[in-house]
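Below is one structure, written out as structure tokens; comments come after it.
A short reminder: the numbers here are calculations on the coordinates, not readings from a lab. Fair warning: this is a prediction, and the values are worked out from it, not measured in the lab. Here the Cβ positions follow ideal geometry from the backbone for every residue, glycine too, while neighbour counts run over all protein chains shown.
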Number of protein chains: 4
Amino acid sequence: MLDRTDPESAIAAAAAAYSNWGRWGEDDVLGTVNFIDDAKRREGAALVRRGTSFSLSQRFDMNGPQKGWRRRTNPVHTMLDTGTDAALGNQGFPHGIGGADDVVSMPLQCSTQWDGLGHIFDHGRAWNGRPAEKVVTSEGDLVTGIEHMAAPVAGRGVLLDVGRVVGGVVGGGELPDGFAITEEHLRAAIDAHGVAVGRGDIVCVRTGHLSRARRDGWGDYAGGPAPGLSFTTASWLHRTEIAAIATDTWGFEVRPNEFDDAFQPLHQVVIPNMGLLVGELWDLDALAEDCAADGVHEFWLTAGPIPVTGAVAPPSTPSR
Amino acid sequence: MLDRTDPESAIAAAAAAYSNWGRWGEDDVLGTVNFIDDAKRREGAALVRRGTSFSLSQRFDMNGPQKGWRRRTNPVHTMLDTGTDAALGNQGFPHGIGGADDVVSMPLQCSTQWDGLGHIFDHGRAWNGRPAEKVVTSEGDLVTGIEHMAAPVAGRGVLLDVGRVVGGVVGGGELPDGFAITEEHLRAAIDAHGVAVGRGDIVCVRTGHLSRARRDGWGDYAGGPAPGLSFTTASWLHRTEIAAIATDTWGFEVRPNEFDDAFQPLHQVVIPNMGLLVGELWDLDALAEDCAADGVHEFWLTAGPIPVTGAVAPPSTPSR
Amino acid sequence: MLDRTDPESAIAAAAAAYSNWGRWGEDDVLGTVNFIDDAKRREGAALVRRGTSFSLSQRFDMNGPQKGWRRRTNPVHTMLDTGTDAALGNQGFPHGIGGADDVVSMPLQCSTQWDGLGHIFDHGRAWNGRPAEKVVTSEGDLVTGIEHMAAPVAGRGVLLDVGRVVGGVVGGGELPDGFAITEEHLRAAIDAHGVAVGRGDIVCVRTGHLSRARRDGWGDYAGGPAPGLSFTTASWLHRTEIAAIATDTWGFEVRPNEFDDAFQPLHQVVIPNMGLLVGELWDLDALAEDCAADGVHEFWLTAGPIPVTGAVAPPSTPSR
Amino acid sequence: MLDRTDPESAIAAAAAAYSNWGRWGEDDVLGTVNFIDDAKRREGAALVRRGTSFSLSQRFDMNGPQKGWRRRTNPVHTMLDTGTDAALGNQGFPHGIGGADDVVSMPLQCSTQWDGLGHIFDHGRAWNGRPAEKVVTSEGDLVTGIEHMAAPVAGRGVLLDVGRVVGGVVGGGELPDGFAITEEHLRAAIDAHGVAVGRGDIVCVRTGHLSRARRDGWGDYAGGPAPGLSFTTASWLHRTEIAAIATDTWGFEVRPNEFDDAFQPLHQVVIPNMGLLVGELWDLDALAEDCAADGVHEFWLTAGPIPVTGAVAPPSTPSR
């Protein structure tokens, strides 16, 4: 049982128990992504049976969920050249060619993204025990920048549709806000789906939160109450040796958090201490429909980030 | 033979000969990506033998090739929160958690990207014959925005290392600037590699231009003289029914262009008329080394774009 | 009386009656700012009696009024270098020097600004009768860009504190939302203040809307209901030959607008047809306190815009 | 004489000799701008004789001097709506109104600007002795942000046209790159102009560097060799009790700097220690022509910054 009044102790205990510091050497920049080896990628590719393809990315759209908290706006996409100018002959190009170009300004966490290893610190320590102030300066993540993960994030994906299994069809396949997903719920989904989860897997947990936002409007989707993983799943996340986990929510873990005065305590354990790659703001709904229809919840998944040098929270383009 | 003085006629003839307007219906938003079907994706996935993974993306880096032409700068990546502030206790979070967030401002064509179907117009017409001014306005590409391509761009990739085959090991595996790659050169690479190219393939053409820039500095890599596809390859690009083509250069086609007064004439044929997906600024060097080592030039390739709503030239995260 | 059902006719009549097209020649780029001559600036400077100085600018702040409508966000200000990094020795500079640099991404209309002459069109016509599509393209305002106004916007300012005069001290010096300020109200303020308004003046109209937002929170300050000038003041605005007018509201004119189905009809008359410089989002509260205290409502005012080449809606730094 | 090998000692000595820490109290956020009082503003306003107006701002333009060093790009100005879209009926507004809106992304130091008091640190100390890491974090300058200077920067300006006086008409009124302006040169200009410089003045020093860039192209205008103030002028800058100083160069002080291994040592003395407001990238050419023509080198000057909350290096709109 969690002592709601003492996040400090709970975090310290979990950090100690589930730390992977040093596991892949002093210079490691990949964390649990090290669990994805060539064999795992072969295993993943062999899961392609029908050949259908899904994007697991939400759109990057001005009408998105962000509300400006911590300067996180929705992306502002503007045009440098347009078809209207081309059509009206404003562009000055020869032989009838016209063009459109565009620009974007956006927080890297505005839509579907990975939390890089430099995104969260625990008492001033970044992944592998490094001092935070030497890892992420104003110039970006000088050590574990997301460019290091451009290639390897591809392998066997598993969907755990907790929304559907636990929330039930009656609940519209959605968990209510504030619902803490425990190891028991994860196991229930695993059993219901008849799928194994193990070393090197990329686990996608669908809560149904995005389905609700799609239906009811964004509301407080970004940062407000939401279903998500319980702090107590840290043990399972460590023990299973999964490579990555992604959810259809803003913040991966349950909100409000399970301590009286806290902010994303599970992040504090799993990112800097465990080195786990965490994905947020994914769209798992179409995939979930498909998995429910044929009963197969494992698949080939690629989810490389845009390699912005030094980025800590890059957009990715997950697709199965 | 091209008449260097008359790009208008050459473009008009090629546009007429190689148009795919209407081929996939009036409402089509995918162009040649329609050639990628489930069978092609199964074929691609079956090519995963060793399970090694390569990113084919250049970095998105302030020290990139862009020089400001047409307001195309390199990406400006800044931090909203840093490890230094976390370490110094400036962030005000509870229980020792600290965080780093980031923001990017960038032209979508600053680094590895696709040219979406709304990127180029021919005499005021966009892909499928639509009026450019109704397709791409100041609000972006309202019809063929890249969000439509988020899922399907995954399949069988083929590397044609023209730099190595034609440029030769003596030439350092690099074609000189201004070298126009013709169908003959493409065939020479196909023959040398012993690989087939056909319907639905994603063809990667390595010229060696990026290898040179990596060695000698960016110089005029963005927009200056470069090896690239000859205008005359339009026939081959159409006939083979490939789904997409990508190069390790800024502009896909040879520069200077093959007409006296011209700007990217092959773009004008293949994007609005043929509906071909064109990739630019890819990094094919590590992949090419690997292909040369084992003699296998076909592979599973995923290259979904970041689905910025209405984008015409989005970053992608190609990887094999 | 306005016919609420027929904005088209009312606008057409006012545009015809109050047009200044051609008044300053075919090539004019200044509109009513032409009314500010050297004599007017001498007159303005002579009004400096005490030497106190007020900024009339709201802050450019992430916690501002914008809510994303038409991609108008609040400014996103980020640091390229910080004092924390300097203090921790992360910057690599010699002899103990450290630095901080910053970046901003913002819509030019996010806070205190001028509506440039290229900001509004009337049936495809920009100021002085020019075709809108030749004036403002994707490259900005090629003709009446705000850089032309960098120098001249300085002269005699007059505060008309309609909020205080008409709203009354009982009303907290604030006009209610939806209150249409008519010529009668402007005259009441002029009389109450004992100040003249005439050719070349820069008139500041305080409604109290910002005072309310400051007290109650931004709410719908940007784009929602607000006090503002009535459509019927077009005649007064033209007849007085003022150079510019600015308000403490988002949109200068009353909102909701005075027609059933309309959007900023007074803008459509005064910007493209009259060539009037309109300021929005100004902060007139401290100035108004001072004017009320000593009964003097005229002053020296400088309000040059940031000369972003081709800008249509630039930040300005008004101060008296 | 400066010992070129020992910037540390020279800086330490100057910092000690010319420090204003504590001079205006512990909470001061204005530095030498405190020297501008109401009397000074009255004196300034009384200098308006002819009423002509000059902008002293360079344009904010994509074709500007910045080359990307330390992520300082030129401003990227893009349109949210255009006249072309308005003319083609793409905007969906009623009664024939159309509009243009715009956005800018820019480093605050890209063009004419002030160095705020939080822009430079000396051994981890900001203005008034405050610890740099508590003043400027990732959230901006929390103490001396430029918003505090929105009102007061207006007063008596003095142009010292050192380019013309020392460079000579033969030299085209330009000082060569690397020319260190000493107190002797400043005095020569003062004498030649017959103008006094004293407490509270805003001094504009024209070197002619911008005239050269205007004629020959930007080249290395931003950061390269340039005429500028000698390190030895720190004494004069302190003794005269001027409120601010601005130049027509990128970096205010002479470049290369006057020590073998150094970076902007005079900044390190005058900003954090003296609290002096320093302006850079100003355009003094038209003003200088006018001053030369009538022999009057003093004038009313307003130069308020755009009050971006927490900014350290804001654009300003200087005009006389």
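Assorted remarks:
- Inter-copy separations for residue B:89, label at 7 Å along Cα-Cβ, nm, ascending: 2.1, 6.6, 6.9
- Of all DSSP-defined beta bridges confined to chain A, some 60% are antiparallel rather than parallel.
- Cβ-defined net charge surrounding residue A:12, 14 Å radius [Lys, Arg +1; Asp, Glu -1]: -3
- The range B:78-186: C-alpha gyration tensor shape, a/c 1.5 cut-off, then a/b vs b/c: oblate
- For the range D:234-281, the relative contact order comes to 54 percent (Cα pairs under 8 Å, sequence separation of at least 6).
- Label-point spacing at residue A:176 relative to the other copies reads 4.2, 7.5, 8.2 nm, in ascending order, each point sitting 7 Å out from Cα along Cα→Cβ.
- Amide H contacts for residue A:125 (H built 1.01 Å from N in the peptide plane; partners 5 or more residues away or on another chain; cut-off under 5 Å): A:132.
- For residue D:246, the residues 5 or more places off, or on other chains, whose built amide H falls under 5 Å of its own are D:203, D:204, D:205, D:279.
- Built amide H within the under 5 Å cut-off of residue A:255, gap 5+: A:178, A:226, A:228
- Order of D:27, B:115, B:6 - criterion: other Cβ atoms within 10 Å of each residue's Cβ, fewest first: D:27, B:6, B:115
- Nearest 10 degrees, 0 to 90: helix A:285-294 Cα axis against chain A principal axis: 60 degrees
- Top of D:96, D:198, D:68 by mean-square fluctuation, Gaussian network on chain D, Cα under 10 Å: D:96
- Simple Cβ-charge dipole of the protein assembly as shown, Lys/Arg +1 and Asp/Glu -1, about Cα centre, in debye nearest 20: 0 debye
- In degrees, nearest ten, helix B:7-18 long axis to first principal axis of chain B (Cα): 90 degrees
- Taking the label point 7 Å along Cα→Cβ, residue C:289 and its counterparts in the other copies are spaced 4.4, 5.9, 6.7 nm apart, in ascending order.
- Burial ordering of C:280, D:184, D:8, fewest other beta-carbon atoms within 10 Å first: D:184, D:8, C:280
- Whole-angstrom gap from the range C:119-157 to the range A:264-320, using each part's C-alpha centre: 47 Å
- Taking every alpha-carbon pair under 8 Å whose residues sit at least 6 apart, chain B reaches a relative contact order of 30 percent.
- The range B:1-51 and the range C:47-107: distance between their alpha carbon centers, rounded to Å: 48 Å
- The range A:119-272 - percent relative contact order, Cα under 8 Å, separation 6 or more: 27 percent
- Of the residues D:61, D:161, D:283, the one that moves most in a GNM of chain D with alpha-carbon contacts below 10 Å is D:61.
- Cβ crowding within 10 Å ranks B:81, B:3 as B:3, B:81, fewest other Cβ atoms first.
- Other residues whose C-beta falls under 11 angstrom from the C-beta of residue B:262 contribute a net charge of -4, scoring Lys and Arg +1 and Asp and Glu -1.
- Cα centroid of the range B:178-211 to Cα centroid of the range B:224-246, whole Å: 9 Å
- Share antiparallel - DSSP beta bridges, the protein assembly as shown, percent rounded to 5: 65 percent
- Relative to the longest principal axis of the Cα atoms of chain C, the long axis of helix C:183-193 lies at roughly 70 degrees.
- Taking 29 Å as the straight-line reach from the Cα of residue D:134, the lysines in range (excluding those fewer than 8 positions away in the same chain) are A:67, A:134.
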